[in-house]
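Rule-based calculations on the coordinates, nothing more; no lab input. Quantities reported herein were computed from a predicted structural model and do not represent experimental measurements. Glycine gets a Cβ as well: all are built from the backbone with ideal geometry, and neighbour counts include every protein chain shown.
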Amino acid sequence: MRQKQYQRFDYEVPANGTLSLTSRTRNDFNFVTGLFFFSHSSMADVKVQLRIDGQEVLPIGTDMEIFAWNDSISRNQALWDLYEEKIKAADSPVEIEIDNTANSASKIVSLYLLLENHD
């Protein structure tokens, strides 16, 4: 059994709009231990709210750019460590709301969750 795996969620956020979706984590991993966002376009003025397994991870209005991986930093630097939070994976709901109200073009954004098996 694998001990670590990234799970990717892709979202298309409409121009000047909001996207709200609920997905689920993979059921073969115990915990969500980290996250980061990625987009080929600027995430300036894009806000996010994220809940995993009912726990608020990012409060409403969080600047997505704070948690973004880009060319100037490594993936490990972009990864927000959630190991201590003990957020359950194993088919848990991932509730996300993304606001793109200050942009005139739609945005394709990916959320990467680091999933792990450990006690």
Between SER20, SER92, SER74, find the one with the highest GNM mean-square fluctuation for the chain; connect C-alpha pairs within less than 10 Å.
SER74
Expected vector for segment 74-89, Karplus 3J(HN,Hα) from phi with 6.51, -1.76, 1.60 and θ = phi - 60°, integer Hz, x for Gly and Pro, equals 7, 4, 5, 5, 6, 5, 8, 6, 10, 4, 5, 6, 6, 7, 5, 9
One finds the C-alpha centres of segment 83-99 and segment 1-69 to be spaced, in Å, by 8
In debye to the nearest 20, the charge dipole size for segment 42-114, taken about the Cα centre with +1 at each Lys and Arg Cβ and -1 at each Asp and Glu Cβ, equals 140
Which of the peptides 42-48, 13-19 is most tightly packed, and how do the rest follow, going by the mean number of other Cβ atoms within 10 Å of each residue?
42-48, 13-19
Which whole-number percent is the relative contact order of the chain (Cα, under 8 Å, 6+ apart)?
51
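Taking every pair of distinct Cα atoms and averaging 1/r, then inverting, what Kirkwood hydrodynamic radius in Å comes out for segment 24-72?
12.3
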Sum of -39500 (n - 2.57) over DSSP H runs of 4+, divided by residues of the chain (222 nm, nearest 500)
-500 deg cm²/dmol
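Pull out the extension gain between ASN117 and ILE66, defined as 0.36 nm times the separation in residues minus the alpha carbon to alpha carbon distance; nm, one decimal.
Roughly 15.7 nm would be gained on extension.
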